[in-house]
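To start, the structure under review is shown below, and the notes come after it.
The values are calculated or read from the model by the stated rules, or taken from the named source; none is laboratory data. Not measured: the values here are computed from a predicted model. Here Cβ is always computed from backbone atoms with ideal geometry, including for glycine, and neighbour counts include all displayed protein chains. Ligands, DNA and RNA are stripped out before the accessible areas are found, and what is left, the full protein with its side chains, is counted by its heavy atoms. Shrake-Rupley method; radii C 1.70, N 1.55, O 1.52, S 1.80 Å.
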Amino acid sequence: MDNNYFVYNGKKYIVEYKDKNMNVYKCNDGKIEILSDEEIQMIRQLLNSKYNYEYDSIILTNLVNANLEMENKEYIMNFLNWLESIIPEECRYNFYRNIKTLKTTLNTNIDLSKFESSSSGYSTSAGYNTSSNSLVMNEKSLHELWKIAQLNNNPQEFYWRHYSQTLLHELAHMASSRYDSDTKISLCGFDRFPAENEEDKNRGLTEGFTEIISMAGVPGTIEISSGYYIEACLINQLIQIVGNEVFLKSYFSNLGTQPIQEKMNEVINNPTMSFNLFRNIELNYNIRDINEEQNILGNIQSSILDYLDKKIELLLAENRVNEISDILTNYESMMITPEKLKIMQKNPQQFIGINENINKFNEIKNKCKSYLNEENKSSGIKK
């Protein structure tokens with residue numbers, strides 16, 4: 001695999017992980033050099049700017065929301081009941097504790113007919129703050145959503161559905177958060193703030209899995225419009241390797257990525273490889289607004305494909321051929337491709353390695369064809 005790199009303000013930066021720390025260097029005329037003090041400060045600001053006590057639900061097309069007709073308590077209870085049903089019983093401590101003091105500003109009674117177009121640009125749709133245990137639906141963004149809803153055949157249904165998805169996203173953050181007022185340490189999903197080390201920084205993974213939860217609870221929203229679509233796809237790829245249960249337990253019990261890495265190490269016994277993979281997922285999340293060349297996303301998918309290849313090898317050795325077809329189908333649907341990047345209004349040419357990812361997957365798929373054909377024959381399935 002090539003060295004991790006991204007381009008920022010026209011300069012190429014090389015990223016490596018050593019002794020569970022992340023090191024960044026610059027590349028000048030093919031030579032790797034140490035960053036100056038000013039460059040260190042600039043990169044530190046770039047990669048740490050998203051860390052604070054607030055976890056936002058961001059929809060790229062401003063699909064942020066409010067509900068106009070249902071009673072607030074009854075409406076929220078529907079989501080809380082659903083959340084309770086998916087949280088493993090032994091992982092509900094945060095959920096029950098936070099419900100007791102949860103403060104909400106839902107803005108369900110605002111007059112959407114008085115919408116005025118915003119001139120100040122994008123505003124966050126909603127947010128959950130771990131330190132104050134408060135959830136706010138942004139009034140300004142609700143007006144933006146109502147405007148978008150008018151372009152649909154059923155504006156009310158569109159508006160409510162995306163309100164529900166965003167509200168559930170924030171409630172999932174609430175259900176997976178723990179804040180210590182003495183130490184000022186916030187745990188949310190897989191993430192810890194302030195972080196003690198690189199391994200604690202899992203904002204991208206947390207937002208991606210939260211989005212998976214909210215879209216499962218409110219199907220029908222436009223998934224690819226989500227601000228966390230890439231993270232959600234990468235997690236869904238990993239779920240094909242290690243299963244969903246370890247993600248649920250780690251997320252709702254604030255266990256970080258260690259339990260997931262341990263599961264991955266059962267497939268490929270290489271702790272450094274699994275550690276680097278999650279650091280790259282976080283790095284890719286932090287540089288997602290940079291509109292320049294990078295190979296981080298391609299390297300992430302390439303690593304997960306290595307796990308997929310080995311996973312299928314293990315399944316074949318255990319004579320579990322019947323599981324492979326579904327894994328391959330699900331995995332393929334979750335790969336980031338040039339076509340998906342275009343829909344997300346990103347330039348595929350800036351993401352080095354994406355086409356190679358597709359070729360690598362097809363090679364794995366082709367290796368399985370003979371086994372799958374034999375399985376289909378024995379099952380009486382005609383192709």
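Just one of (1) at pLDDT 95 or above; (2) of a type in the set (Asp, Glu); (3) open to solvent by 70 Å² or more (accessible area, probe 1.4 Å) fails for residue 326. It is (1). Does residue 153 meet the test of being polar (S, T, N, Q), open to solvent by 80 Å² or more (accessible area, probe 1.4 Å) and modelled with pLDDT under 85? No; evaluated as a whole, the condition is false for this residue. Of all residues in the stretch 204-240, none satisfies the criterion of being among the charged types (D, E, K, R), more than 8 Å from the chain's Cα centre (by Cα) and either at pLDDT 90 or above or open to solvent by less than 10 Å² (accessible area, probe 1.4 Å) (or both). Each residue in the stretch 24-71 was checked for being at pLDDT below 65 and either open to solvent by 80 Å² or more (accessible area, probe 1.4 Å) or not in a loop (DSSP other than H, G, I, E, B) (or both), and 8 of them qualify. Suppose we keep only residues that are in contact (Cβ under 8 Å) with a residue 40 or more places away in the chain and not in a helix (DSSP H, G or I) within the stretch 192-212. Which one would you say is farthest from residue 252 (Cα to Cα)? So the residue we want is 197.
Of the residues in the stretch 96-116, at least one is open to solvent by 20 Å² or more (accessible area, probe 1.4 Å), at pLDDT below 65 and farther than 28 Å from residue 192 by Cα.
Pick from the stretch 158-197 the residues that are in contact with a helix residue (DSSP H, G or I) (Cβ under 6 Å, 6 or more places away or on another chain) and open to solvent by 10 Å² or more (accessible area, probe 1.4 Å): which of them is nearest to residue 99 (Cα to Cα)? My answer is 178.
Give me a count of the residues in the stretch 302-323 that are in contact (Cβ under 8 Å) with a residue 40 or more places away in the chain and either aliphatic (A, V, I, L, M) or open to solvent by less than 40 Å² (accessible area, probe 1.4 Å) (or both). Steps first, answer last, please.
Step one: filter the stretch 302-323 for residues in contact (Cβ under 8 Å) with a residue 40 or more places away in the chain, giving 302-305, 307-312, 314, 316, 321-322.
Still in the running and either aliphatic (A, V, I, L, M) or open to solvent by less than 40 Å² (accessible area, probe 1.4 Å) (or both): 302-305, 307-308, 312, 314, 316, 321.
Qualifying residue count for the region: 10.
Within the stretch 336-376, the only residue that satisfies the criterion of being of a type in the set (Gly, Ala, Ser) and assigned to a loop (DSSP other than H, G, I, E, B) is 353.
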